[in-house]
1. Could you calculate the contour length gain from ARG113 to ASP92, that is, 0.36 nm times the residue separation minus the distance between their Cα atoms, to one decimal place in nm?
2. For PHE64, which sequence-distant residues (separation of 5 or more, or a different chain) have an amide H within less than 5 Å of its own amide H, given hydrogens modelled in the peptide plane?
3. Applying the Karplus parametrisation 6.51 cos²θ - 1.76 cosθ + 1.60 with θ = phi - 60° to the phi angles of the range 46-61, what ³J(HN,Hα) value in whole Hz is obtained for each residue in order, glycine and proline being reported as x?
4. Of the cross-linked pairs LYS9/LYS91; LYS3/LYS82; LYS3/LYS38, which ones have a Cα-Cα span greater than 20 Å in the structure shown?
5. Take the Cα atoms of the chain, build their convex hull, and give its volume per residue in Å³.
6. Please give the calculated 222 nm ellipticity per residue for the chain, where each DSSP H segment of at least 4 residues contributes -39500 (n - 2.57) and the sum is spread over every residue; nearest 500 deg cm²/dmol?
7. Charges at C-beta only: +1 for Lys and Arg, -1 for Asp and Glu. How large is the resulting dipole of the range 4-139 about its Cα centre, in Debye rounded to 20?
Amino acid sequence: MKKSIATQKRYPHPIEKVWRAITDPELVSQWLMPTDIKAEVGHRFTFQTDPYPGFDGTVHCEVFTVEEPYELAYTWSGGGLKNTTITFRLKDNGDGTTTLNFHHAGFAGFLNRLIARNVLASGWRGKLLSRQLPALLNDLS
């Protein structure tokens, strides 16, 4: 089983717009989960979702890399997941489009890899980065 989730998406939007969509708390709350994220190294924040047995619905995060508008990375811990990391890397393609390289890593142990494969991978790849983020980007002026 894989120890990380990686995907690449190309969006027909400028890098500044994509950066805003992954760093502005109001926008991130629309396509991902309610959050108080800030693109500041050391900022601690949470994502809030529906709880289920063994998970209170809170994901605890801390920003550790900000290179505006190219890279944002933070820790991601909640439920059985401890100390995983999320990294968004953006590339300006020079034609008004942006390539996003996404990486969610650190799934140590069988249970965490199972969660990654069966729950998070389909969410990140099939829903969040493929449908919800593009829909938000299309609606932004």
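What follows draws every value from the coordinates through simple rules; no lab data is involved. Computed from a predicted model, the values in this text were never measured in an experiment. FYI the Cβ positions are ideal-geometry reconstructions off the backbone, even for glycines, and counts take in every protein chain you see.
1. Numbers: separation 21, 0.36 × 21 = 7.56 nm, distance 3.19 nm.
So the chain would gain 4.4 nm between ARG113 and ASP92.
2. The list, which skips near neighbours in sequence, is GLY42, ALA73, TYR74, THR75.
3. Karplus-based 3J(HN,Hα) across the range 46-61 equals 10, 10, 10, 9, 5, x, 8, x, x, 8, 7, x, 10, 10, 9, 9 Hz.
4. Numbers: LYS9/LYS91 10 Å; LYS3/LYS82 13 Å; LYS3/LYS38 27 Å.
Correct reply: LYS3/LYS38.
5. Numbers: hull volume 13.6 nm³, N = 141.
Roughly 96 Å³ of hull volume per residue.
6. On the way: 4 runs with 29 residues, N = 141.
About -5000 deg cm²/dmol.
7. Working: 14 positive and 14 negative charges, 130 e Å.
Once rounded to the nearest 20, the dipole reads 620 debye.
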